[in-house]
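Scroll down for the structure; my scribbles are underneath it.
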Amino acid sequence: MLGRSSEHESEYTSRAEEIRAWLKAHPGHDRFVILDDRPSAANDDSLLQDHFVLCNTAKGLTQEDVDNAIEILSSTTI
């Protein structure tokens with residue numbers, strides 16, 4: 001995304017659908033985390049929301065994001 005911004009909606013118009021499609025195409029992946037800087041990556045999908053960490057575009061991946069991701073992965077049942 002060099003030279004572009006995550007704020008441009010056209011960049012990720014269906015990110016949540018893309019994630020759901022990947023999960024459907026790769027069954028058995030119950031333990032996962034979504035790291036994204038767009039809230040729409042999880043939409044209003046409760047499955048995706050339970051695995052979602054919203055990152056700040058300007059800061060990048062922070063230690064807090066990593067800690068949240070580890071917590072999600074640790075609490076996910078297999």
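Stretching the chain fully between residue 29 and residue 58 yields a gain of 7.4 nm (0.36 nm per residue, less the alpha carbon separation).
Taken over the alpha carbons of the stretch 29-78 as equal point scatterers, the Debye sum produces base-10 log I(q)/I(0) values at 0.31, 0.32 Å⁻¹ of -1.21, -1.24.
Where a number appears in this text, it was derived from the coordinates with a stated rule and is not lab data. This one's a predicted model, so the numbers in the text were calculated from it and none came from an experiment.
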